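The values are calculated or read from the model by the stated rules, or taken from the named source; none is laboratory data. Computed from a prediction, not measured in an experiment: that's the story for all the values here. Cβ placement follows ideal geometry from the backbone for every residue including glycine, while neighbour counts extend to all protein chains displayed. With ligands, DNA and RNA removed, areas are computed over all heavy atoms of the protein, side chains included. Shrake-Rupley method; radii C 1.70, N 1.55, O 1.52, S 1.80 Å.
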Amino acid sequence: MTISDKIQEIKSEIPATVSLIAVSKTKPIEKLKEAYEGGQLDFGENKVQELTDKFEVLPKDIRWHFIGHLQTNKVKYIAPFVHLIHSVDSFKLLKEIDKEGRKNNRIIPVLIQFHIATEDTKYGFFIDEVEEMFSDVEFENLKNIQIKGVMGMATFTEDLKVVENEFSILYQIFQILKETYFPNQPEFKEISMGMSGDYLTAIKCGSTMVRIGSTIFGGR
Ligand SMILES: *Cc1c(COP(=O)(O)O)cnc(C)c1O
């Protein structure tokens, strides 16, 4: 099966309202081109250097999603062009993205990453930390970021019951934040959850964006 066939197959399984982010980390340019030529415009990467290298050589209508842990000193390299940063996991990082947004005269769309898995290796906020951040006076001064929703990664397990429970928690967090902090902001609408092993479960739990790598491009 070609890369485009794989993408079409996934698209036929998911609602048209759910965005498919093709996670192309570690994959060579040729594979991304193949996906692009089949009509795929949203790509996800988790390393700044790799993302900027690929951005340089690939068509400019590609929408680049940053999905990995982002160090504050590297925000400047992706700030001019990144489409959506899924992985905001600290207030410090959010402030840095705002600063680089201002320098680049743009508003950078972001998602707030939540810690929903039982593994403690996963990055992300807990809800009380986000509520604290949202009520900080410094938060109100951030004019060059737009918070579009939430992101999370479930525990790496075959047990889809565990995964479903964690995705449901992220859905509830999204609803609480929407009601409390973004009631009249339709742009706060994204729930980025679901990867190769669990995207159908994620969609069942309300995902609006799935990030799929190995099912499209093969194992890494
Ligand atoms: C690698 C990665 C994915 C895609 O994982 P697959 O299992 O290959 O689909 C999704 N999200 C994040 C944050 C990743 O790092």
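Among the listed residues Lys27, Lys11, Lys60, Lys76, identify the single one that is open to solvent by 80 Å² or more (accessible area, probe 1.4 Å) and either within 16 Å of the ligand (Cβ to nearest atom) or aromatic (Phe, Trp, Tyr) (or both).
Numbers: Lys27 fails: open to solvent by 80 Å² or more (accessible area, probe 1.4 Å); Lys60 fails: either within 16 Å of the ligand (Cβ to nearest atom) or aromatic (Phe, Trp, Tyr) (or both); Lys76 fails: either within 16 Å of the ligand (Cβ to nearest atom) or aromatic (Phe, Trp, Tyr) (or both).
From the options Lys27, Lys11, Lys60, Lys76, the qualifying one is Lys11.
Scan Asp136, Asp61 and give me the residue that is among the acidic types (Asp, Glu) and more than 28 Å from Ile29 (Cβ to Cβ).
Working: Asp61 fails: more than 28 Å from Ile29 (Cβ to Cβ).
Only one candidate passes the filter, namely Asp136.
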Every listed condition ((1) in a strand (DSSP E or B); (2) more than 12 Å from the ligand (Cβ to nearest atom)) holds for Ile21 save (2)
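For region 108-124, check the following and say yes or no: at least one residue is touching a residue at least 24 places away in the same chain (Cβ under 8 Å), in a loop (DSSP other than H, G, I, E, B), of a type in the set (Phe, Trp, Tyr) and in contact with an Asp or Glu (Cβ under 6 Å, 6 or more places away or on another chain). Walk me through it before giving the result.
First, the residues of region 108-124 that are touching a residue at least 24 places away in the same chain (Cβ under 8 Å): 108-119, 122-124.
Narrowing the set further to residues that are in a loop (DSSP other than H, G, I, E, B) leaves 115-119, 122-124.
Subset that is of a type in the set (Phe, Trp, Tyr): 123.
Now restrict to residues that are in contact with an Asp or Glu (Cβ under 6 Å, 6 or more places away or on another chain): 123.
The answer is yes, given that some residue of region 108-124 is touching a residue at least 24 places away in the same chain (Cβ under 8 Å), in a loop (DSSP other than H, G, I, E, B), of a type in the set (Phe, Trp, Tyr) and in contact with an Asp or Glu (Cβ under 6 Å, 6 or more places away or on another chain).
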Expected output for region 82-107 (first residue in a loop (DSSP other than H, G, I, E, B), partner of a type in the set (A, V, I, L, M) and within 15 Å of the ligand (Cβ to nearest atom), Cβ below 9 Å, 6+ apart or cross-chain) is Val82/Leu51; Asp89/Leu70; Asp89/Ile112
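Name the residues in region 30-49 that are more than 12 Å from the ligand (Cβ to nearest atom) and closer than 17 Å to Ala79 by Cβ, would you? Please lay out each step first, then the result.
Here is the first cut: in region 30-49, the residues more than 12 Å from the ligand (Cβ to nearest atom) are 30-42, 48-49.
Selection gives Val48, Gln49.
So, in region 185-209, exactly how many residues are buried (at least 23 other Cβ atoms within 10 Å of the Cβ) and within 11 Å of the ligand (Cβ to nearest atom)?
6
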